[in-house]
Every structure is written in structure tokens, then in C-alpha cells.
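**Q** What follows is a single structure, and I will ask about it in a moment.
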Amino acid sequence: MSLRNWIALLAMAPATALAWGDECDFRADRAAAVDTRGVEKVVIQAGAGDLNVTGRANAARIEARGTACADSQAMLDAAQIVARREGNVVYLETKLPQDDENFSWGKNKYARIDVSITLPVNIAVEAQDSSGDAQLEDLKSLQMLDSSGDLEIFRIAGMVDVQDSSGDLTIRGAGSVRAQDSSGDLGVDEVRGDVDVTVDSSGDIQIAHVTGNVRIQQDSSGGIRIEEVKGSVTVDADSSGDIFAGRVGGDFTVSSDSSGNIEHESIGGHIRVPHDESAH
């Protein structure tokens, strides 16, 4: 990538050899910014460290600000926030020394950047976060790949499409939801469209206040509780854990269930569950 494609990378204040708890021997501020004119999507790639992304109605720029933390001056110097624009897409990345394929870990070597990003609410976001907690809110739409750490998503106008490997996942307020969750609890609330959980490997699932339909395609372990759904609720396959559905306007269907109780109340449509004499 030529140098002219890198936009508004701000080399921040000199590092200061200050202890930051027991995990930060050297730290420094980092930031980058890009003009929003003509931008339709922001792609975020964040490495080690916490991530916060917030949409603001009055935002005039896409801005990333954070604190780099490392165990040495050399590691700190290599930890940067970079931004570039390609057409109508802006790319924001945290560059860390351990992300370099030629990097060799030494004893007690570490570097991370805790970063906060603000952008206009009318820009779609695609994000990848490798480790650390993440919170994203007030966005047009969100496509998210999260490897580890808790993930919280609030008030997304359009679709939330998320793959989460580990840690709890919370989604509150979305146009629609498609989620794949490997481990940790999954909570979904206040969705105007459909909710589709393609795979949930472990942890409890709680879903409530959904205007559309709810479908859980495959759940391996953990309880399932679904309430206040105007459409239908479908569980294709559940390996273990109890299932409850309540105050559902449409049908309630469980196609396959290996173990655990199935309970329901106030179902407006048909009930089709294994070994349920009350199904009609």
C-alpha cells in the first residue's frame, strides 16, 4: 500500500515509563482520524485490548483514540493505530508487534491498545476483534467477528450479524439478528425483525421482545428461554438443557431435543414439541 493511502495517522505523545497497574510498564496515547465525506462503510480490525465503537448523529469525522500499553519502549513504538481510505470504505486497524508474522515472543512480552472509535450513525460497520472486551452502539448496521472477551451490542438500526467465539454476548436493540456463538451466555432483547441463532455451543440463551420470528438452529448445551415474541419460535435441534417459550404470538416448534424439560405458556399458534400431549 503506498504512503499516500494512509490518512491522518497521528504519532502520539512520547511514551512514558509509567507503571499501569501490573500490566503496563510503558504507555502512550494513539489516534487516527478520517473525513467522512462519501464514506459508506468502516472496517475495523482490532487486536489485543478493549474496543469501543459509538455512532453519533453530529459526528463530522471518523476518529479512533486509544492508549497503547507494552512492556518495553520498542514494543510500544510498534503499537499504533492506522487508518486508510479506499473509495467509499475506511479501514481502521490496531497494529501490534505480535501481529507481525516475523515477531518472536520473548519472556513476558506484551503489547495492547485499548481503543475508542466514534463515527456518524449512518455508516455501516464491519469489525473484527481478536481479544479483550468490546462494546458497539448506535450504528447503522454491524457485521462482527469476535474471538474472545465479552461483547455488548446496543441500538443497531439495521442487521446485526455476529460470530462470537468465547465470552458472553449481549444484543439489545436491533433491526434483526443473526448470531453464531461458541461459548458463553447469549442474551438478545428488543429486536424489530427476526432473530436467527445458527449455532450455540455452550451457555444459556435468553431472547425477549422480538417483533418477528425466533429460530435456533442448533444448540449444544445450556438452557433456552424465549419470551414476548410476536412471530413464531422454532428450535431445530437442542442437545441438552431446558427450553421455555412464553407469550408467543405464532407457533412454537421444537423439532429435536435430546435432554431437558420443555415448557411453554400463552402460545398463540400451533405447538409441536417432542412428547407433548398438549400439542395441538
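The values are calculated or read from the model by the stated rules, or taken from the named source; none is laboratory data. Being a predicted model, the structure only gives us computed values, none of them experimental. Cβ sites come from the backbone with ideal geometry, for glycine too, and all protein chains shown count toward neighbours.
**Q** What pairs can you find where one residue is in region 257-271 and hydrophobic (A, V, I, L, M, F, W, C), the other is surrounded by fewer than 12 Cβ atoms within 10 Å (Cβ to Cβ) and in a loop (DSSP other than H, G, I, E, B), and their Cβ atoms are less than 7 Å apart, with a gap of 6+ or different chains?
**A** Close Cβ pairs satisfying both conditions: Ile271/Ser278; Ile271/His280.
**Q** Any residue at all in region 107-128 that is more than 25 Å from Glu40 (Cα to Cα), at pLDDT below 95, out of contact with any Asp or Glu (no Cβ under 8 Å at 6 or more places or on another chain) and not charged (D, E, K, R)?
**A** No, the conditions are met nowhere in region 107-128.
**Q** Checking the structure you have, find out if any residue of region 137-149 is touching a residue at least 40 places away in the same chain (Cβ under 8 Å), assigned to a strand (DSSP E or B), in contact with a Phe, Trp or Tyr (Cβ under 6 Å, 6 or more places away or on another chain) and under 27 Å from Thr36 (Cα atoms).
**A** Narrowing region 137-149 to residues touching a residue at least 40 places away in the same chain (Cβ under 8 Å): 137-140, 149.
Right, trim to assigned to a strand (DSSP E or B) and you get 137-139.
Cutting the leftovers down to in contact with a Phe, Trp or Tyr (Cβ under 6 Å, 6 or more places away or on another chain) gives us 137.
Then keep just the ones that are under 27 Å from Thr36 (Cα atoms); that gives 137.
Looking for residues that are touching a residue at least 40 places away in the same chain (Cβ under 8 Å), assigned to a strand (DSSP E or B), in contact with a Phe, Trp or Tyr (Cβ under 6 Å, 6 or more places away or on another chain) and under 27 Å from Thr36 (Cα atoms), one finds at least one in region 137-149, hence yes.
**Q** Moving on to the next point. Between Ala68, Ala59, Ala74, Ala127, which is part of a helix (DSSP H, G or I) and of a type in the set (A, V, I, L, M, F, W, C)?
**A** Details: Ala68 fails: part of a helix (DSSP H, G or I); Ala59 fails: part of a helix (DSSP H, G or I); Ala127 fails: part of a helix (DSSP H, G or I).
Just a single option satisfies the conditions, and that option is Ala74.
**Q** Of the residues Gly249, Gly223, which is in contact (Cβ under 8 Å) with a residue 24 or more places away in the chain and not aliphatic (A, V, I, L, M)? Spell out how you get there, then give the answer.
**A** Details: Gly249 fails: in contact (Cβ under 8 Å) with a residue 24 or more places away in the chain.
On inspection, the qualifying residue turns out to be Gly223.
Residues checked against (1) over 10 Å from the mean Cα position of the chain (by Cα); (2) assigned by TED's automatic domain parsing to the domain that holds Asp189; (3) surrounded by 19 or more Cβ atoms within 10 Å (Cβ to Cβ):
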residue	(1), (2), (3)
Glu152	no, yes, no
Arg155	yes, yes, no
Gly158	yes, yes, no
Ser166	yes, yes, yes
Leu169	no, yes, yes
Arg172	yes, yes, no
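**Q** Mind counting the residues in region 114-145 that are buried (at least 19 other Cβ atoms within 10 Å of the Cβ), more than 15 Å from Met159 (Cβ to Cβ) and touching a Leu at 6+ places or on another chain (Cβ under 7 Å)?
**A** 5
**Q** Further question on the same structure: If I filter region 195-226 down to residues being surrounded by fewer than 19 Cβ atoms within 10 Å (Cβ to Cβ) and among the charged types (D, E, K, R), which single residue comes out as nearest to Val160 (Cα to Cα)?
**A** Taking the candidates together, the pick is Asp196.
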